[in-house]
Each structure stands twice: as C-alpha cells, then as structure tokens.
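The values are calculated or read from the model by the stated rules, or taken from the named source; none is laboratory data. All of these numbers come straight from a predicted model, not from anything done at the bench. Using ideal geometry, Cβ is built from the backbone for each residue, glycine included, and neighbour counts are taken over all protein chains shown.
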Amino acid sequence: MGQDTIYLEVRNVVTKEDALTENEFHLGTCSSITGPRGGVTIRRYVARRNGKTKTWKRQPEKFQVPYRYGLYEHGYITSWSDAHCEKDCPLNREEESHD
Ligand SMILES: [Zn+2]
C-alpha cells in the first residue's frame, strides 16, 4: 500500500565472455522499491563466482559458472540462466540516471 515497486528485468545477458571474466552475478530480477517516505529498498540476489568457468571444446557456446549464494547455496550460471552480471545490472543504470 502506497508503495511504488519498480521491477527491472534483463534476461540472457551473461555472455560467454562475461562468464569467463566476471565474478559477481545477480540471479533473477533485481527490483527497486520506493516506500511511502521516499526510502528506496533495493532487492537483489547476488551470487559470487565459486570456481573456474567450465567450457566445452565441442560446444563453444556452452559455459557453466559455479557460484555461491549466501553461505550455503551453490549453483551454476549457464547461457540460459535467468541472471545478469553486476556490471549489467539495470539498477546501476537507474542510479546513474539520477546524476
Ligand atoms: Zn542486478
């Protein structure tokens, strides 16, 4: 009630190049919620690289980035994951646009 929720979404933006070089990824959709008093709550699920990116010689498009999320969760980011790199986060663009 009285809250303004902005959902910003980007999909399939983890490219193979990113997968080999980036260390921080956001899972799913990042959102910015502006409260009734103007306070902004940023919600994002930050996953950090947890090892070397796996690639396949015979399938050059394919990659798998092992990640750690929080203390106990682990997973893999692939080209079809609903995730994006920290540098590509739409919330970063939001922040820049206020300058
Ligand atoms: Zn993000």
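Residues in the range 14-31 that are more than 16 Å from the ligand (Cβ to nearest atom) and touching a His at 6+ places or on another chain (Cβ under 8 Å): 0 in all. Evaluate the range 49-63: report whether one residue or more is assigned to a strand (DSSP E or B) and within 12 Å of the chain's Cα centre (by Cα). Yes, the range 49-63 contains at least one residue that is assigned to a strand (DSSP E or B) and within 12 Å of the chain's Cα centre (by Cα). In the range 71-94, the residue that is nearest to the ligand (Cβ to nearest atom) out of those that are more than 14 Å from residue 14 (Cβ to Cβ) and either modelled with pLDDT of 90 or more or outside any helix (DSSP H, G or I) (or both) is 73.
The lone criterion from (1) surrounded by fewer than 14 Cβ atoms within 10 Å (Cβ to Cβ); (2) within 30 Å of residue 4 (Cα to Cα) left unmet by residue 72 is number (2).
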